[in-house]
Amino acid sequence: MEKIPHVYTAINEVMAAISKTGITKDRKTTSGSIYSFRGIDDVYNTMNPLLVAAGLVAIPRHITRDCVERPSKNGGVIFYTNVFGEVDFISMKDGSKHTASGFGEAMDSSDKSTNKAMSALFKYVFMQTFCIPTEADNDTENANHEVAVIQDNSQQKTAPVKKESAAEFKRSGKTDEWIA
């Protein structure tokens, strides 16, 4: 029987620990439409001690960046930034590694759109890699599920969306390549 690389044992340890608490959406937006969210600081502060305890290191690598400047509704400019990157999860016990990839996108009217996009990428790679619940111990057996009536929008015209794989995105010539 082949031995499982320790990186997967460590990821499982982190998943088991975070499954007990989750990371709730305790923050609220301060402008525009009000909604709850969990910020990158919530992910860092919650996950860091769990990674350390499991002997797991996370190293992000940003591969591509695309930034578009557009006019804002108030006459200024807004920057839309998309990044593609990877996070290497490395076991301190045996050096085994698992790489997870993802996208981050953000907009900002100043100089923070790239930072926001990198944070989004990191946060969502973590959310998906560790299957982080948004609330602790959700009990679904008490949930009341009601199905909504679906409206027929077959007459509605929409433009087709071009989908591309991560490999296609990496190879596209439309992006600036950079390594963090």
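Volume per residue of the convex hull around the Cα atoms, evaluated for the stretch 1-89, comes out as 143 Å³.
Accessible surface for Lys97 stands near 110 Å², nearest 10, in the context of the full protein assembly shown (1.4 Å probe). Mean sequence separation of contacting Cα pairs (under 8 Å, at least six apart), scaled by the length of the stretch 80-121, corresponds to a relative contact order of 44 percent. The simple spin-label model puts a point 7 Å past each Cα toward its Cβ; for Asn115 and Thr29 those points are separated by 2.1 nm. Figure note: Lys123, Lys116 ranked by solvent-accessible area, largest first, 1.4 Å probe, ligands and nucleic acids not counted: Lys116, Lys123. The mean accessible area for residues of the stretch 4-62, using a 1.4 Å probe and ignoring ligands and nucleic acids, is 58 Å² per residue.
The values are calculated or read from the model by the stated rules, or taken from the named source; none is laboratory data. Please read all numbers here as calculations on a predicted model, not as lab measurements. Every residue, glycine among them, receives a Cβ derived from its backbone with ideal geometry; neighbour counts consider all protein chains shown. Only protein heavy atoms, including side chains, enter the accessible area calculation; ligands, DNA and RNA are left aside. Shrake-Rupley method; radii C 1.70, N 1.55, O 1.52, S 1.80 Å.
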